[in-house]
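To keep things clear, I will list the structure first and then write my remarks on it.
The values are calculated or read from the model by the stated rules, or taken from the named source; none is laboratory data. Predicted, not measured: the structure shown is a model, and the values here were computed from it. Neighbour counts are summed over all protein chains in view; Cβ atoms, including those assigned to glycine, are modelled from backbone coordinates with ideal geometry. Surface areas here come from the heavy atoms of the whole protein model, side chains and all, with no ligands, DNA or RNA. Shrake-Rupley method; radii C 1.70, N 1.55, O 1.52, S 1.80 Å.
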Amino acid sequence: MIRKTILMVLFFSTYNLLQAQLKSPEEFFGYKIGTRYTPHWKIVSYFNYMAASIPAMMKLQQYGETNEGRPLVLAFISNPENIQRLEAIRVNNLRLAGLANDKTAAVEETAPAIVWLSYNVHGNETSSSEAALLTLYALVDPSNKNTKEWLKNTVVIIDPCINPDGRDRYVNWFNSIVGRNYMPGPDAREHHEPWPGGRTNHYNFDLNRDWAWQTQVETRQRIKVYGQWLPQVHVDYHEQGIDEPYYFAPAAPSYHDVITPWQKEFQVTIGKNHARYFDSNNWLYFTKEVFDLFYPSYGDTYPIFNGSIGMTYEQAGGPAGGLGALKEEGDTLTLLDRVMHHYTTGLSTIEVASQNAGRLIKEFRKYFTDAVTNGVGEYKSYVIKKGTNDDQRLKPLLALLDRNGISYSAAAEGTGKAYHYNSGKEETFNFTTNDILISTLQPKGALVKALLEPVSHLSDSITYDITAWSLPYGFGLDAYAVKENWRSSGIPDKVTETAPAKTDYGYVIRWEGLQSVRVLTALQKKGVLIRYAEQPFEVNGQSFDRGSLIILKNGNKKFENNLWDIVLQACNNEQVKPNAISTGFVDKGYDLGGSKVHSLKAPRVALVTGEGIDPSAAGEVWQFFDQQIDYPLTLINGNDLTNINWNDIDVLVIPDGNTYRFLNDKSNVDNFKEWISKGGRVVAIRRAVAQLAKAEIGIKAKKPDETAAKDAKDNTNYDVLKKFGERDRVAASSDVPGAIIRVDLDNTHPLAFGYPDHYYSLKLDDRVYEFFKDNGWNVGVIKKDNQVAGYIGAARRDKFKDALLFGVQDMDRGSITYLADDVLYRGFWENGKLMFCNAVFLVGQ
């Protein structure tokens with residue numbers, strides 16, 4: 001005991017000495033924070049220095065790295081007693097949530113509260129990572145008595161930069177073009193970053209829309225660790241336009257209905273504390289406006305749906321901020337101003353959490369206990385029906401549930417009544433043990449409801465983001481929402497494929513999803529000749545639908561005896577069944593040498609990027625080719641399309657954007673049309689379709705109903721007398737902020753191969769098009785009563801009927817595929833990915 005006491009005395013003596021010698025960020029870097037931008041590697045070096053200097057108060061963990069190889073780190077800060085038992089605190093916190101592996105262990109209800117601060121998710125909103133440096137130092141500064149007191153009952157987790165690749169893209173550019181003296185005027189080049197900007201990650205994905213979907217490597221690595229901690233308080237730091245006052249909680253009134261009264265109440269408590277500091281410094285701020293809590297994949301809502309008090313803080317600045325920017329009111333907003341505002345709310349948040357640690361822990365436990373005991377929402381169970389060909393749609397959904405820590409099981413057999421997603425009505429169901437059951441009576445019950453409910457209740461039409469995202473629609477799966485707690489039949493059976501039969505003739509691979517696509521791309525890269533069936537057929541007692549891939553020895557003689565090894569390896573890698581056939585003489589349909597079987601040429605695909613293109617839209621396509629189907633893609637700046645060799649391109653993808661300069665010049669348009677007529681294929685997405693319509697290349701935008709317009713003109717309509725004070729709500733009446741609509745498909749066309757006769761599309765605008773009357777194919781159309789979920793403004797609803805969304809126009813030997821909706825939206829609309837692959841690999845072949 002004496003020896004232990006001596007060791008403790010020596011430990012704390014050394015700790016106090018090291019703490020007294022700590023360097024502030026200014027002392028470490030040699031400049032004052034807020035006077036220049038700090039590259040990411042320097043930020044990490046300061047965190048490493050602190051962790052090495054005061055291990056008694058801080059632990060540093062590298063939890064991953066970015067696409068460009070930059071480290072992703074977390075700092076854990078508390079007093080020495082808490083740091084010594086940090087793992088025990090983490091495990092106890094999971095026990096509070098009912099998520100620890102040991103369900104019988106005692107729970108400590110007097111545990112420290114956990115506050116997680118996430119900085120710089122948008123790379124060009126740079127002030128927050130600078131503030132993280134000051135916040136870290138304040139927490140361990142030996143002269144700061146306040147933080148010492150707070151850390152007695154609080155563990156603070158700091159992620160200093162969620163998006164290092166985006167941050168460095170902006171910081172390196174800015175530091176390379178700014179002079180000795182910054183120029184605050186809005187016309188100076190330092191306030192206009194070049195395309196694609198630093199907001200997004202390497203693949204131009206917005207990481208603040210990716211929390212729930214986890215399509216990006218940074219998000220997946222972070223959420224894995226987040227789920228191991230589940231803080232009571234989480235803050236996501238941002239920046240907005242340079243003329244905006246600071247925003248902090250409470251949020252705007254469009255709350256998702258799973259948010260509890262306590263979560264709303266504590267946002268007010270925190271906001272009032274922030275206001276106290278801001279008022280004392282005469283800093284302007286606003287609350288309860290703009291930034292709502294509805295869309296589930298933000299850095300505030302996702303933590304909320306996981307039991308936290310999740311909040312967004314928004315500081316003026318962003319890419320136009322530079323080191324100093326002239327505001328409309330005449331003041332200059334400096335980087336130092338921005339840093340100090342974020343620094344202040346960070347410490348204020350920790351202060352309030354410490355003052356209310358006991359209540360935070362109590363309510364945190366209650367949140368999860370209530371979910372397990374009572375379930376969440378009207379529907380207690382969601383059941384995914386597993387169809388014959390659903391494996392490739394179901395697997396990614398189950399993987400997403402796993403990444404979010406959501407439990408599921410096999411449904412018990414039985415019948416009853418439930419809401420049917422496909423019909424939009426309550427119907428009789430018949431469940432089997434092949435179906436997947438997801439109950440809300442589990443710790444993640446609120447998240448289950450938020451992600452799977454068929455229609456999310458929107459309390460206010462003025463909202464910040466999309467208003468519908470229900471996973472069964474997004475994954476193209478048949479589902480039921482059940483009001484009762486449906487029974488489980490245990491762990492779902494794993495599909496065990498038998499070894500493929502040997503063949504000397506060929507294999508057929510069903511075209512059912514991305515796994516089939518990856519088999520196609522893997523074989524095409526090796527030079528294997530692949531054919532596909534335009535019509536269903538039966539052979540050797542097996543049935544195959546349209547789009548099925550056919551690999552025969554005929555045409556692949558160069559592989560000699562290695563062909564089947566190559567095919568089977570590609571199928572094994574993707575867990576796709578290759579179906580052996582012994583003849584080309586089919587039992588039903590067209591023979592394999594007939595006119596309805598076509599060879600697939602491996603296309604040379606290019607993507608238009610650069611100024612005028614939405615970086616996120618281009619990134620969706622780039623990341624899809626690079627990371628999801630592993631197929632070569634050439635990125636071409638739109639301004640260079642006038643100088644390219646069109647003969648080197650088979651397929652040109654034109655993503656969503658607002659300016660396509662090459663379509664503004666007649667000679668360029670003529671060259672473009674000539675390339676198409678010689679066999680070039682175009683895939684146009686969202687506003688690119690509108691630009692092609694404007695250029696009168698083929699498709700025509702649908703005009704308003706002329707009869708309704710005439711009636712409105714002939715009658716006095718007092719509805720046009722709008723009130724100025726209601727202008728935001730009037731604007732919302734013309735908005736389409738992401739709603740789900742049903743699209744009728746012609747699945748005999750290659751664009752819709754692999755689909756049933758319908759598709760659920762995420763509509764982000766009101767653009768719809770006239771039906772093709774000739775020389776075009778109306779593959780995806782909307783008729784009447786097509787709205788399934790989400791908000792469509794009253795002024796736009798009549799437009800959504802009898803119109804084209806997905807079509808193909810033949811132009812001599814080439815074609816244009818029109819995708820009026822973004823089928824790859826944010827990488828999470830899983831059911832659209834096969835349609836995009838159809839457009840690239842099948843259409844026009």
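Within the stretch 640-684, work out how many residues are under 25 Å from the mean Cα position of the chain (by Cα) and within 15 Å of Gly698 (Cα to Cα).
The total comes to 2.
From the list Ile438, Ile406, pick out the single residue that is under 29 Å from Trp229 (Cα atoms) and touching a Ser or Thr at 6+ places or on another chain (Cβ under 8 Å). Full working, then the answer.
Details: Ile406 fails: touching a Ser or Thr at 6+ places or on another chain (Cβ under 8 Å).
None of the other options fit; the residue is Ile438.
Right, Leu336: more than 14 Å from His238 (Cβ to Cβ) and open to solvent by less than 40 Å² (accessible area, probe 1.4 Å) or not?
no
Could you tell me whether any residue of the stretch 126-145 is closer than 19 Å to Gln355 by Cα, in contact (Cβ under 8 Å) with a residue 12 or more places away in the chain and in a strand (DSSP E or B)? It would help to see each step written out before you state the result.
Looking only at the stretch 126-145, we keep the residues that are closer than 19 Å to Gln355 by Cα, and these are 135, 138-140, 144-145.
Within this subset, residues satisfying the condition of being in contact (Cβ under 8 Å) with a residue 12 or more places away in the chain are 135, 138-140.
Retained after the next criterion (residues that are in a strand (DSSP E or B)): none.
No.
Here is a list of conditions, (1) touching a residue at least 40 places away in the same chain (Cβ under 8 Å); (2) surrounded by fewer than 21 Cβ atoms within 10 Å (Cβ to Cβ), and Gln315 meets all of them except one; can you say which number that is?
For Gln315, the failing item is (2).
Conditions (1) open to solvent by less than 50 Å² (accessible area, probe 1.4 Å); (2) free of Cβ contacts under 8 Å to residues at least 40 places away in the same chain, marked per residue:
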position	(1), (2)
Ile33	yes, no
Tyr37	yes, no
Lys42	no, yes
Ser45	yes, yes
Ser53	yes, yes
Met57	yes, no
Pro71	yes, no
Leu74	yes, no
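Report, by residue number, each residue of the stretch 793-822 that is crowded, with 23+ Cβ neighbours inside 10 Å and assigned to a loop (DSSP other than H, G, I, E, B).
Within the stretch 793-822, Ala820, Asp821, Asp822 qualify.
So is Pro196 under 20 Å from the mean Cα position of the chain (by Cα), in a loop (DSSP other than H, G, I, E, B) and surrounded by fewer than 21 Cβ atoms within 10 Å (Cβ to Cβ) or not?
Spelling it out, Pro196 is indeed under 20 Å from the mean Cα position of the chain (by Cα), in a loop (DSSP other than H, G, I, E, B) and surrounded by fewer than 21 Cβ atoms within 10 Å (Cβ to Cβ).
Just the residues that are open to solvent by less than 20 Å² (accessible area, probe 1.4 Å), farther than 30 Å from Asp656 by Cβ and out of contact with any strand residue (DSSP E or B) (no Cβ under 7 Å at 6 or more places or on another chain), please, taken from the stretch 577-636.
Hit for the stretch 577-636 is Gly584, nothing else.
Out of curiosity, is Leu523 modelled with pLDDT of 95 or more and under 30 Å from Asn637 (Cα atoms)?
Yes.
Looking at the stretch 530-542, which of the residues that are in contact with a strand residue (DSSP E or B) (Cβ under 8 Å, 6 or more places away or on another chain) and either without any contact (Cβ under 8 Å) to a residue 40 or more places away in the chain or surrounded by fewer than 20 Cβ atoms within 10 Å (Cβ to Cβ) (or both) is farthest from Asn579 (Cα to Cα)?
So the residue we want is Pro536.
When both residues are 6+ apart or on different chains and their Cβ atoms are under 6 Å apart, which pairs have a first residue that lies in the stretch 257-283 and is small (Gly, Ala, Ser), and a second that is open to solvent by less than 10 Å² (accessible area, probe 1.4 Å)?
Pairs found: Gly271/Phe248; Gly271/Ala249.
If you check Leu360, Leu284, which single one turns out to be open to solvent by 10 Å² or more (accessible area, probe 1.4 Å), over 28 Å from the mean Cα position of the chain (by Cα) and over 23 Å from Trp469 (Cβ atoms)?
Leu284
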